[in-house]
1. Taking segment B:90-141, which residues are without any contact (Cβ under 8 Å) to a residue 24 or more places away in the chain, within 12 Å of chain A (Cβ to nearest Cβ) and not in a helix (DSSP H, G or I)?
2. Residue under question is A:Lys262, and the condition is that it be within 12 Å of chain B (Cβ to nearest Cβ), farther than 16 Å from A:Gln182 by Cα, surrounded by fewer than 22 Cβ atoms within 10 Å (Cβ to Cβ) and not acidic (Asp, Glu); does it hold?
3. Looking at segment B:154-178, which of its residues are more than 13 Å from chain A (Cβ to nearest Cβ), touching a residue at least 12 places away in the same chain (Cβ under 8 Å) and in contact with a helix residue (DSSP H, G or I) (Cβ under 8 Å, 6 or more places away or on another chain)?
4. In segment B:89-120, how many residues are in contact with a Lys or Arg (Cβ under 9 Å, 6 or more places away or on another chain) and more than 24 Å from B:Cys186 (Cβ to Cβ)?
5. Which members of segment A:291-317 meet the condition of being within 13 Å of chain B (Cβ to nearest Cβ) and either hydrophobic (A, V, I, L, M, F, W, C) or out of contact with any Ser or Thr (no Cβ under 8 Å at 6 or more places or on another chain) (or both)?
6. Residues that are over 24 Å from A:Val276 (Cβ atoms), at least 1 per element: which strands (runs of 3 or more DSSP E) completely within segment A:336-399 meet that?
7. Taking the condition of being surrounded by fewer than 24 Cβ atoms within 10 Å (Cβ to Cβ), free of Cβ contacts under 8 Å to residues at least 40 places away in the same chain and of a type in the set (A, V, I, L, M, F, W, C), how many residues in segment A:219-255 meet it?
8. Could you grab the pairs with beta carbons closer than 8 Å, sequence gap of 6+ or different chains, first residue in segment A:85-99 and touching a residue at least 24 places away in the same chain (Cβ under 8 Å) and more than 20 Å from A:Tyr64 (Cβ to Cβ), second one of a type in the set (A, V, I, L, M) and in a loop (DSSP other than H, G, I, E, B)?
Amino acid sequence: MKRLLVFVLMFFCFGEAFGKIYIDVTSPASTKIGVALDLSGVPLKDFDVVLKRDLMVYGIFAVYPVSKLALTEEELRIAGADLLLSVDKSAFRQQVKVSLVIKDLTDGTVVVQKLLTFDRSAQIKAAHMVADELYRVVTGNKGMFYRNAVAVRKVLGRYQLVYVDVGAMSFKVLKVFKQPVQSPAMSPDGKKIAFALMSGEGNFDIYIYDLPTGGIKKACSTPGPDTAPSWMPDGRALVFSGYVAKDNADILLCDLSNGRLKRLTRSMAIDTSPSVSPDGTKIAFVSNRDGYPRVYVKDLKTGLIYGITKGTYDVSPDWSPKGGEIAYATLVGGTFRIGIYNLATGDVYYPAPGEDPSWSPNGDYIIYTKSGGLFISSLYANSKPTRLFVGKWLNPEWR
Amino acid sequence: MRWVVFFSVFVMLFALGCSRQEKVVVSEGQEVTAQQRIAQGKEGVTPGEAVGQGEVSSKEYTPSTQMESQQPSGCELREFPNIHFAFDRYDLNEEAKRILSEIADYMKKCPDVILTIEGHCDERGSNEYNLALGWKRANEAKKFLVTLGIDSSRIITVSYGEERPLCYEHNEECWAKNRRDHFVFCRGQCLK
């Protein structure tokens, strides 16, 4: 409950130019926001489909299709719609113009009025912009579908490096590998993907996939199996799990300009799965230095290391984009659950069963794996998790 | 009568299928040795050293084949059973130590064999942590062999984490089989 209150308070702190919060997350009986969707003008197949998918994946909207219902605004309001999202499209050759209006149906005020102009080839991106705008109006928070996620998909013993458009519920296979692939991580500028690949030499090293060109090059390497790269916020260095001491994994910093390594942890235990805080001053990682794998934090300024979780198998930490929480996976009674650790209070809550969590770019959702597929769940709204895809998915990352 | 013919054809096909499977296993073994060969090359820290190692091993190659013809008994490439571990552990149990002692005896008797130890984990938990755990499992066995007097340069360690299970079901019986060190031997020439 306290968590939800904090969330509501955050809306006010952001001080956006609207005085009304539509989603009442403090109410346990909070219902979805009714959105009357009025798509008019020329049909644009990709735009229309992706906009509807986006609204579904957000999970907080109940959509009323205006064209099918043929109701007036007043009737829509009585039927349960809180907002009217009106999208009027016109196209001339390759150029598309979209007039976007978001109207509050309770008092008839226009909350947003915008004109978007884009190329036909950018329909999907434009649909994400509209959905993210609606999310911003409703919650006061930034949207999230403007940024894609990365993951590994295992099909018939092959490993696919995959680029995921979460809102559109679609993905693109960037490259297929025979050898195992782990832990893709998108660079802060969204142009590169660092990942771990077992090369023909029988050893994992850190590689970088360049999205614009599709090229792959080795970036960081030690004599042991290197894995779990995480980007520093400036995009110039990676933190990963590697071997300076021969038989024991430590957290290392790799300067991408010259491949030089700096050792950040020294223990006889396994240190792996680092996740850099958004300000780049701390690193969460997994260590079994106290007998069980648990999440620890290293403060890069003071050099201090302290444990935060208390379970008997806590792995896969991911630092929240807002900085105040760490998501991780914990094994309790034979099943894995996602835990969200609050760094200020030390409290943990468990939003969903699953593994390998990664925060959405706005910090309101997590994407994670569970037997049977890749899932997304809102951390704040009263909505059920959505399964994005079926199959064997590994190490999603969406920061 | 027709059914008998069908049945015998089916049995033959089945047998063919089996023999094909065996072939796959053999080619897998070859793949592993190819990996070992390069992995050994990678042990050298600088490229210069790696080249040096290669030269040494190719010189060793000729005498080792002579030795092979001199001592044919007991020095053919052998298979040893896997050793197993508890969940999230890499300490060696008594059974594992017994198998490793046998391996040490064999390696002492046959000084030209090189051992690759593959560390594996079950499917549970994070693949990143399991990769490090598999490495610990392989290196724990290596340390034990070194204490028994085997030169550490004759032992290569590889971790596959949870990526190469033997058994694909989701139960403890299967997981126990997958938490293992697997031993692959090759001779000097595999370093070429």
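1. B:Ser126
2. Values: within 12 Å of chain B (Cβ to nearest Cβ): no; farther than 16 Å from A:Gln182 by Cα: yes; surrounded by fewer than 22 Cβ atoms within 10 Å (Cβ to Cβ): yes; not acidic (Asp, Glu): yes.
No.
3. Of everything in segment B:154-178, those that are more than 13 Å from chain A (Cβ to nearest Cβ), touching a residue at least 12 places away in the same chain (Cβ under 8 Å) and in contact with a helix residue (DSSP H, G or I) (Cβ under 8 Å, 6 or more places away or on another chain) turn out to be B:Arg154, B:Leu166.
4. 2
5. The answer is A:Gly291, A:Val295, A:Thr312, A:Val315.
6. Details: elements: A:348-353, A:355-359, A:365-370, A:373-378, A:386-389, A:392-397.
Of the strands (runs of 3 or more DSSP E) lying wholly inside segment A:336-399, those with at least 1 residues that are over 24 Å from A:Val276 (Cβ atoms) span A:348-353, A:365-370, A:373-378, A:386-389, A:392-397.
7. 5
8. These pairs meet every condition: A:Ser90/A:Val42; A:Ala91/A:Val42; A:Ala91/A:Leu44; A:Val96/A:Leu44.
The values are calculated or read from the model by the stated rules, or taken from the named source; none is laboratory data. Remember, predicted model here, so these are calculated numbers, not experimental data. All Cβ positions, glycine included, derive from the backbone under ideal geometry; neighbour counts span all protein chains shown.
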